[in-house]
Amino acid sequence: MTDKTSPSKRYRSLALMLLTLVYGFNFIDRQIVGILAPFIQADLELTNTQLGLLIGLAFATFYTVVAIPIAWLADRYNRVNILSIALATWSAFTALTGLAGNFMQIGLARMGVGIGEAGGSPPSHSIISDLYPKEERAGALGVYAMGIPFGIMAAYFATAWLMGATDETVNWRRIFIILGVVGVGLAVIVRLVLREPIRGAMELENYDEVTKPSFNESLKTLIRIPAWWSMCLGIAFGSFVSYSFAAFQTKYLVLLDANFNFQTLVLLLGIINGTTYAGGAYFGARLTDYWGGIDIRAYGWLPAIAIALNLPIGVLSFWVPTIWFHLTLTTAFLLFLGIYLGPSFAIAQTLAPINMRAMSTALFFFILNMIALGGGPTFSGWLMDVFMERDYSELESIRYAMTVTCCWFFPSIMCFFLVARTLRNDWDAAEKRNLALSGV
């Protein structure tokens with residue numbers, strides 16, 4: 001790697017922190033609907049199925065589909081411009097969410113948020129991969145993945161800060177509008193501070209402009225990589241449970257103990273997400289860098305172990321008698337949940353040819369979010385309505401629905417063991433592909 005392609009350590013850290021902050025805003029705007037679900041549902045008179053669609057399928061369909069053409073652009077044009085425009089777009093639609101008066105209007109606003117957020121991770125992953133070599137990539141992407149728990153924590157804190165003086169005066173509309181305006185301001189900062197890095201600078205000694213593959217070529221190349229495909233399904237099935245958990249947790253806890261102070265509850269959930277979930281993401285990434293240096297199969301083994309531990313914890317958390325007991329189990333649940341993020345993100349970038357990295361993230365997120373974000377909350381919300389139609393109470397319906405939902409952890413575990421089995425050959429093949437692109 002030549003000196004001109006080597007950004008300073010200080011700039012790399014600044015860029016990574018800023019990209020992580022943007023990713024955090026991605027999850028603030030996404031998580032806030034689940035946090036405020038009881039109030040939105042009551043105000044707009046939504047069913048559980050409609051609420052699940054609002055959090056899941058209505059958002060995920062546009063988020064995943066639009067990400068593919070945006071990734072195609074990000075593999076060809078300035079990624080910083082694409083990222084800043086995307087952030088401004090989803091933030092504007094977040095503000096519009098606060099103006100919705102019915103299910104159709106809020107659904108259209110969330111679709112707009114999904115379209116904007118589609119331009120977030122593909123260019124960000126690609127930028128990070130051109131700032132950090134593959135030996136450090138899991139760690140860097142693990143830091144980036146901490147935007148998820150930090151964003152979720154910030155969403156809880158923003159709710160606690162911006163809500164009214166009592167649980168009965170939660171102004172959910174004002175919260176959406178303020179968050180949207182702040183996000184637009186952050187988009188301006190991103191455009192002014194970040195510089196577009198040279199593509200492939202961390203893999204190629206003699207970098208020249210690489211060829212731009214067609215969409216069909218990118219698709220065929222990526223889906224023929226067994227470990228890449230297994231990783232996508234593994235994180236998708238695991239996240240199917242986690243998105244359902246996040247979508248209905250607040251509602252479950254309000255039903256479990258209506259007298260528990262709501263502001264205190266959201267502050268506690270924010271602290272737990274910002275510490276244990278973030279800690280799991282960081283610990284998982286660092287352990288992957290270390291263990292993966294000894295045995296590359298660790299990229300599959302570590303997520304499989306973490307998810308296997310989460311299966312009984314997730315089920316039990318919805319059957320305990322108190323909120324405090326639930327929060328204790330949630331702490332362990334989120335710690336293990338964060339572990340698979342760093343290795344999964346690193347696989348998506350390292351196995352992809354350098355001229356397909358944004359597309360790799362987009363296709364990876366397409367599979368992940370259509371199954372997990374689109375399917376998880378929608379499936380769980382529908383199942384709750386099914387149980388309620390059979391004369392179960394609303395609390396019992398959530399418990400049974402989430403117990404069934406946790407069974408999606410089983411295929412996730414199997415997929416990550418397949419990653420461990422196939423990754424060594426795919427890792428070596430990826431290195432040869434990138435050398436071939438450089439003409440070496």
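Laboratory data are not the source of any read-out in this text; all were calculated from the coordinates shown. It should be emphasised that the depicted structure is a prediction, and the values quoted were computed from it without experimental measurement. We place every Cβ from the backbone using ideal geometry, glycine too, and count neighbours over all the protein chains shown.
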### Task
On a 0 to 90° scale, report how tilted helix 103-117 is relative to the longest principal axis of the chain, with both axes built from alpha carbons and the result rounded to the nearest 10.
20
#### Entry: Centre separation in Å (Cα based) which lies between the range 307-369 and the range 83-98
25
### Query
Along the principal axes of its C-alpha atoms, what lengths does the range 248-288 span, in descending order and rounded to whole Å?
42, 17, 9
## Note on the structure
Phi-derived 3J(HN,Hα) across the range 281-295 with the Karplus relation (6.51, -1.76, 1.60, θ = phi - 60°), rounded Hz, x for Gly and Pro, is 4, 5, 4, x, 5, 5, 5, 5, 4, 6, 5, x, x, 8, 8
### Task
Quick one: compute the contact order of the chain, relative version, from alpha carbon pairs under 8 angstrom and 6+ residues apart, as a percent.
27
### Task
Exposed loop GluC sites (Glu not before Pro) only (DSSP loop, at most 15 other Cβ atoms within 10 Å): please give the longest stretch of the chain free of them, not including the sites.
210-440
### Task
Quote the charge dipole size of the chain about the Cα centre in Debye, to the nearest 20; the model charges only the Cβ of Lys and Arg (+1) and of Asp and Glu (-1).
880
## Note on the structure
For the range 368-425, listing trypsin sites (Lys or Arg not before Pro) in a DSSP loop whose Cβ sees at most 13 other Cβ atoms within 10 Å gives R390
### Message
As a test of the formula, what do you get for the chain when each DSSP H run with n ≥ 4 contributes -39,500 (n - 2.57) and the sum is divided by the residue count, at 222 nm and rounded to the nearest 500 deg cm²/dmol?
### Response
-25500 deg cm²/dmol
#### Entry: Summed side-chain charge close to T47 - residues other than T47 whose Cβ falls under 13 Å, Lys, Arg +1, Asp, Glu -1
-3
### Task
Count the lysine pairs in the chain whose Cα atoms sit under 27 Å apart, keeping only pairs 8 or more residues apart in sequence or on different chains.
10
### Summary
So the compactness index of the range 20-101, its C-alpha Rg divided by 2.2 N^0.38 Å, takes the value 1.25
### Message
Taking every alpha carbon pair in the range 291-440, what does the distance histogram look like in 5 angstrom bins from 0, in percent?
### Response
2, 9, 13, 17, 17, 13, 10, 7, 5, 3, 2, 1, 0, 0
### Task
Sticking to Cα atoms, compute the Rg of the range 355-440 to one decimal and its Dmax as the biggest Cα-Cα distance, whole number, in Å.
20.1, 68
## Note on the structure
Ordered by fewest other Cβ atoms within 10 Å, a rough proxy for footprinting exposure, R191, R30 read R191, R30
### Residue with peak Gaussian network fluctuation, the chain [Cα springs, cutoff 10 Å], from A285, A109, A100
A100
### Summary
For the range 1-158, the percent of all C-alpha pairs falling in each 10 Å bin, from 0 up to the bin holding the max distance, is 11, 36, 32, 15, 5, 1, 0
### Query
Hey, what's the per residue convex hull volume over the C-alpha atoms of the range 207-355, in cubic angstrom?
140
### Message
What Kirkwood Rh does the chain have if only Cα atoms enter the pairwise 1/r average? Answer in Å.
### Response
21.7
### Message
Run the numbers for V65 and L192: contour at 0.36 nm per residue of separation, minus the present Cα-Cα distance, in nm.
### Response
42.9 nm
